[in-house]
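The values are calculated or read from the model by the stated rules, or taken from the named source; none is laboratory data. Please read these numbers as outputs of a predicted model, since none were measured by experiment. Heads up, the Cβs are rebuilt from the backbone with ideal geometry, glycines too, and the neighbour counts pull from every protein chain shown. Each accessible area value is taken on the protein alone, full model and side chains, heavy atoms only, with ligands, DNA and RNA left out. Shrake-Rupley method; radii C 1.70, N 1.55, O 1.52, S 1.80 Å.
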Amino acid sequence: MEMALENYLGLGLNASVSNLTRISRQLVRGIPYLEKEMRRRLSLSTGKVFSTPSSFYVIFSGKCNLACTFCTIYTQVEPMLSREVMLRIVREAKELSGKGFNISLSGGEPTIYKPLYETLETAQKLGVNFGFTTNGLALTKPNVERILSYNPFNINVSLESVDPKINEALRPMENGTHRTLDGLGNLLAEKERIGSRVSLIVKPTIMEQNYRGLPDLVRHFGRHSTIQIHFQPYVGKIGDPFWVRDLDNLRRVFDEILALQEDGYSVIGNEDQFRGFWEYLADPPIAGNMRHLDLGGQKRNCDIGLRSMFIYPNGDVFFCDFLQKPIGNVHKQSLKDIVYDATANGQRKQMVYCNIDCQQTCKRPIPLSVKAKAFLKMG
């Protein structure tokens, strides 16, 4: 009995030391990101650009191995970013932003994008924080071993429910839920085996069909899990069947999720963000994919033009695609030329008063405290 207790305490001590070591590493890794945050704030207060992007979102194509019922991008298989352009984006992002930035690849499905592994290798050699968003169907043990050998920054896994009936009604693939959960298990096992820094994030979309089961999805991964849950609301048009109908019940679900977060479950966000989700879903856009806020003529000081660049399959580059105006094209210009030219400067000035209600997680402003908390759980 005493030996068992000593072993238990020893394991607990080792786990605590390991966690402190991980947090210490993350604090050091976070310094360049914090510097960029301070430069963005200085840029907003002075109207001059002192910062460089901290996030590059690259969509290689809409090509996918799933035809999700709430998505249409899988039909857009052309154009597709070539290998040469993809590798150049990685190199130019490094030249532009130096440290404290990351590249996030999505589609479509990145695991069926042929240049993925060469892109991972290039990013590793250059010291670039690179990750991607996947449906998890191809996260077999051999694929996971190969992916993590390149030390990626993060892997986002799209999953709408741990209930196969719900998840596979939204993401039609027989046994797809099991395959995705197995893929997450493979990532966790390999991460632990090699001591990988990779951050693992599950990204559910809040919809009528799945919102009631979202607390169960959070519970599935357990308290203090190294897998974090990052929600985003469905974005579509009025009349789509995915808008939540029972808003009172949705509020109760959000309260339950926030209570789970308070109890130690790894949910990214805070009460204000979930309130924003609820307000967006309660009053969805009437036309297109946008809803506008009443700012009363006050500055909003949106900083997306200082922190993000979105690169599309045809090469067009946006600060925010909600503005529907590209700031350049990677087939014609370098990233550095694009970010500092007159078009980009004009959009940044426009964004100071932007009133678009942007609830997508890659667009909306996120409080520094929320970003810091999520970052410290990574690695």
Original post:
Length gain on complete extension for the stretch residue 149 to residue 192, per 0.36 nm per residue less the alpha carbon to alpha carbon distance?
Top reply: 14.2 nm
Subject >> Percent breakdown of C-alpha pair distances by 5 Å bin, ordered from the shortest bin, for the range 185-283 >> reply: 2, 12, 23, 22, 16, 11, 7, 4, 2, 0
**OP:** Let me know the charge dipole size of the chain about its Cα centre in debye, to the nearest 20, where only the beta-carbon of Lys, Arg (+1) and Asp, Glu (-1) is charged.
**Re:** 1340 debye
Original post:
For 280, 265, what's the largest-to-smallest order of accessible area, 1.4 Å probe?
Top reply: 265, 280
**OP:** Between residue 24 and residue 124, take the C-beta separation as r, use R0 = 22 Å, and let me know the FRET efficiency to the nearest 0.05.
**Re:** 0.50
**OP:** Give me the distance in nm between label points sitting 7 Å out from Cα along the Cα-to-Cβ direction at residue 247 and residue 316, one decimal.
**Re:** 3.2 nm
Subject >> Apportionment of accessible area to carbon and sulfur, the range 119-262, percent (1.4 Å) >> reply: 47 percent
Original post:
Once the dipole of the chain is set up with Lys and Arg at +1 and Asp and Glu at -1 on Cβ about the Cα centre, which of 162, 152, 184 lies farthest towards its positive end?
Top reply: 152
**OP:** Would you mind computing, in nm to one decimal, how far apart the modelled labels at residue 255 and residue 163 are, each placed 7 Å from Cα along Cα→Cβ?
**Re:** 2.1 nm
Subject >> Separation of the residue 263 and residue 95 label points, Cα + 7 Å toward Cβ, nm >> reply: 5.3 nm
**OP:** Considering the options 298, 133, 172, tell which one lies farthest towards the positive end of the dipole of the chain, charges being +1 on Lys and Arg and -1 on Asp and Glu at the Cβ, about the Cα centre.
**Re:** 298
**OP:** Stick to the Cα atoms of the chain, pair each with every other, and give me the Kirkwood hydrodynamic radius in Å at one decimal.
**Re:** 21.8 Å
**OP:** Over the chain, average the accessible area per residue using a 1.4 Å probe and give it in Å², no decimals.
**Re:** 48 Å²
Original post:
In deg cm²/dmol, rounded to 500, what helix-only [θ] at 222 nm does the chain give when every DSSP H run of at least 4 residues adds -39500 (n - 2.57) and the total is split over its residues?
Top reply: -14000 deg cm²/dmol
**OP:** May I ask which of 125/332; 36/349; 36/114; 48/125; 99/332; 203/349 have a Cα-Cα span longer than 29 Å here?
**Re:** 36/114; 48/125; 203/349
Original post:
If you build the Cα gyration tensor of the range 292-354 and take the root of 5 times each eigenvalue, what three semi-axes come out, in whole angstrom, biggest first?
Top reply: 24, 12, 8
